[in-house]
Amino acid sequence: MAQDAKQAYPVRVKTRVISKEPDVMGGAPVFAGTRVPVQTLLDCLEAGDSIDEFLEGFPSVSRGQVIAFLEDARDRLVESSS
């Protein structure tokens, strides 16, 4: 029965969405496990592209990474303005 409870309520593990390594893209923040700078996502969104369009152009980035990045950015913005 305890195992059923674990399956019914999975634990969400927060994974690192962004990495910043000096030897990857000159140390620019990138989506973890990729060479795609997060600035590229921001530039695409600013230009009016959708998340789907961004993901089509950068298939090494997952939708989950994009959503997690945007949620974290939102939370930090709200927190800093409180």
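Test Val17 against the stated conditions and say whether it is at pLDDT below 95 and exposed (fewer than 10 other Cβ atoms within 10 Å of the Cβ).
Answer is no for this residue.
Among the residues of segment 59-82, write down those that are without any contact (Cβ under 8 Å) to a residue 24 or more places away in the chain and among the hydrophobic types (A, V, I, L, M, F, W, C).
Correct list: Ile67, Leu70, Ala73, Leu77, Val78.
List the pairs whose first member sits in segment 18-33 and is basic (Lys, Arg), whose second member is surrounded by 12 or more Cβ atoms within 10 Å (Cβ to Cβ), and whose Cβ atoms are under 6 Å apart, counting only residues at least 6 apart or on separate chains?
So the pair list comes out as Lys20/Pro29.
If I go through segment 21-31 residue by residue, how many of them are in a loop (DSSP other than H, G, I, E, B) and of a type in the set (Val, Ile, Thr)?
Total satisfying the criteria: 1.
For segment 36-47, give me each residue that is more than 15 Å from Val17 (Cβ to Cβ) and out of contact with any Phe, Trp or Tyr (no Cβ under 9 Å at 6 or more places or on another chain).
Asp43, Glu46, Ala47
Yes/no per residue for (1) part of a strand (DSSP E or B); (2) under 10 Å from the mean Cα position of the chain (by Cα); (3) surrounded by 17 or more Cβ atoms within 10 Å (Cβ to Cβ):
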residue: Gly33; (1), (2), (3): no, no, no
residue: Cys44; (1), (2), (3): no, no, yes
residue: Leu55; (1), (2), (3): no, no, yes
residue: Ser60; (1), (2), (3): no, no, no
residue: Phe69; (1), (2), (3): no, yes, yes
residue: Ala73; (1), (2), (3): no, yes, no
residue: Val78; (1), (2), (3): no, no, no
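The values are calculated or read from the model by the stated rules, or taken from the named source; none is laboratory data. These figures come from a predicted structure and were not determined experimentally. Cβ sites come from the backbone with ideal geometry, for glycine too, and all protein chains shown count toward neighbours.
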